[in-house]
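*Asks:* For reference, the structure I am asking about is given below.
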């Protein structure tokens, strides 16, 4: 935990089939979802997601943007941190 930022948010795990583009599962601390601009792909709504990618042991890799399948985002709350 960084004393200036507060506790880190939970890490979301997205299987390779539920995000574009990359290989293997994506682990990230989601900071923002662009709920207002879904993208149609594979007959599903996908959303631009911004956050911090982390390793399986929790180390931060860095900032990451990804296009994520909407149904994978259902566990994320649409709170003030996730909306524009």
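The values are calculated or read from the model by the stated rules, or taken from the named source; none is laboratory data. What you see is a predicted model, and the numbers here were worked out from it, not measured in a lab. Virtual Cβ from ideal backbone geometry, glycine too; neighbours counted across all protein chains shown.
*Asks:* Kindly indicate which of 50, 57 is without any contact (Cβ under 8 Å) to a residue 24 or more places away in the chain and within 15 Å of residue 14 (Cα to Cα). Break it down into steps so the answer makes sense when it comes.
*Replies:* Values: 57 fails: within 15 Å of residue 14 (Cα to Cα).
The unique qualifying residue is 50.
*Asks:* Which of the residues spanning region 16-33 are in a loop (DSSP other than H, G, I, E, B), surrounded by 10 or more Cβ atoms within 10 Å (Cβ to Cβ) and modelled with pLDDT under 95? Explain how you work it out, then say what you get.
*Replies:* In the first step, residues of region 16-33 are kept if they are in a loop (DSSP other than H, G, I, E, B); the result is 21-25.
Filter once more, keeping what is surrounded by 10 or more Cβ atoms within 10 Å (Cβ to Cβ): 22, 25.
Answer for region 16-33, where residues must be in a loop (DSSP other than H, G, I, E, B), surrounded by 10 or more Cβ atoms within 10 Å (Cβ to Cβ) and modelled with pLDDT under 95: just 22.
*Asks:* I need a count of the residues in region 38-52 that are in contact with a strand residue (DSSP E or B) (Cβ under 7 Å, 6 or more places away or on another chain) and outside any strand (DSSP E or B).
*Replies:* Within region 38-52, residues that are in contact with a strand residue (DSSP E or B) (Cβ under 7 Å, 6 or more places away or on another chain) and outside any strand (DSSP E or B) number 1.
*Asks:* Are any residues in region 57-84 exposed (fewer than 10 other Cβ atoms within 10 Å of the Cβ) and at pLDDT 90 or above, and if so, which ones?
*Replies:* 57, 59, 62
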